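As structure tokens, the structure follows; a few thoughts come after it.
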Amino acid sequence: MINRSCLRCLKNTMCFLNFLCWLCGAFVLAFGIFMMMNSRFSSLILSFWPIFPANTLVVTGTIVTCVCYLGFLGALKENRCLLISFFILLFILMLVELAMACVFLVYNREIDTFFENDLLHSLEAYKQSTETGNQTLKDDFDAIQSIFKCCGVHGVSDWEGNVPISCCTSDPCNSSPQENWQEGCHLKLRNWFARNFLSTGAGVVSMFILQFFCLCFTVPLFCHLSRTGLGYK
């Protein structure tokens, strides 16, 4: 039997862990909304837009904040109904996170192929569009080429001589003939994702460990409340 002081310590620890988890979820949600408002590349992702980073962050952040708030409230009120709901929802959430991580690891090459095909499709749409047509897509493609200092998907030859000014190596572009970046954007973007993979993975693992501790602390608190008859049934 857990005495009252141990119960208070367990309750406070769980409240603190869930508050940290809620803060992480709120940060992920805010960052996802920021990406959705400021992203310049969403029109280029056609094959797997539901798992576009901004969409994934918003959905994940929303679910994590709601679930962790439920756990915080359950621990604070010593409510068994809220605690068991929190345990089940968090357990399901962690399984989904593990499944998504496995999918990204196992189908990494397939996802890269989809991404490459999307860029090729966007480039063809850019070349075939009129001067005022597909303006969003053209702006996004120009932004990628300017930011990552690349040209085309595999190289400047993808433009078949009709190279946009966003490929120019100088700003403003005053040289004649125009000097262009030679490296393709697909390789640049793939390298950029690879460089950021470690930090992103560390953040995901940290959040997963925090959720695991929240799950572990729920069990003894719920068991004690069940044995003593405390909390709402």
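For the residues 190, 195, the requirement of being touching a helix residue (DSSP H, G or I) at 6+ places or on another chain (Cβ under 7 Å), loosely packed, with under 15 Cβ neighbours inside 10 Å and charged (D, E, K, R) singles out 190. Can you find a residue that is open to solvent by 90 Å² or more (accessible area, probe 1.4 Å), farther than 30 Å from residue 208 by Cα and of a type in the set (D, E, K, R) anywhere in segment 138-147? The answer is no, given that none of the residues of segment 138-147 is open to solvent by 90 Å² or more (accessible area, probe 1.4 Å), farther than 30 Å from residue 208 by Cα and of a type in the set (D, E, K, R).
Being charged (D, E, K, R) and under 14 Å from residue 190 (Cβ atoms): is that true of residue 116 here? Yes; evaluated as a whole, the condition is true for this residue. Go through segment 138-168 residue by residue and tally those that are in contact (Cβ under 8 Å) with a residue 40 or more places away in the chain and of a type in the set (D, E, K, R). Of the residues in that region, 2 qualify.
Of all residues in segment 162-182, those satisfying the criterion of being open to solvent by 70 Å² or more (accessible area, probe 1.4 Å) and either of a type in the set (Ser, Thr, Tyr) or closer than 22 Å to residue 125 by Cβ (or both) are 162, 165, 176. Restricted to segment 135-180, and to residues there that are over 25 Å from the mean Cα position of the chain (by Cα) and part of a helix (DSSP H, G or I), the residue that is farthest from residue 113 (Cα to Cα) is 165. Residue check: residue 69 meets all listed conditions (1) modelled with pLDDT of 80 or more; (2) under 20 Å from the mean Cα position of the chain (by Cα) but one, namely (2). Can you find even one residue in segment 125-133 that is of a type in the set (Lys, Arg), open to solvent by 40 Å² or more (accessible area, probe 1.4 Å) and either in contact (Cβ under 8 Å) with a residue 60 or more places away in the chain or assigned to a helix (DSSP H, G or I) (or both)? Yes, segment 125-133 contains a residue that is of a type in the set (Lys, Arg), open to solvent by 40 Å² or more (accessible area, probe 1.4 Å) and either in contact (Cβ under 8 Å) with a residue 60 or more places away in the chain or assigned to a helix (DSSP H, G or I) (or both). If a residue must be surrounded by fewer than 19 Cβ atoms within 10 Å (Cβ to Cβ) and hydrophobic (A, V, I, L, M, F, W, C), how many such residues does segment 64-86 contain? Number satisfying all stated conditions: 5.
The values are calculated or read from the model by the stated rules, or taken from the named source; none is laboratory data. Only a predicted model underlies this, so the values are computations on that prediction, with no experimental measurement involved. Methodologically, a virtual Cβ is constructed for each residue, glycine included, from the backbone with ideal geometry; neighbour enumeration extends over all protein chains shown. SASA here: full protein model, heavy atoms, side chains in, ligands and nucleic acids out. Shrake-Rupley method; radii C 1.70, N 1.55, O 1.52, S 1.80 Å.
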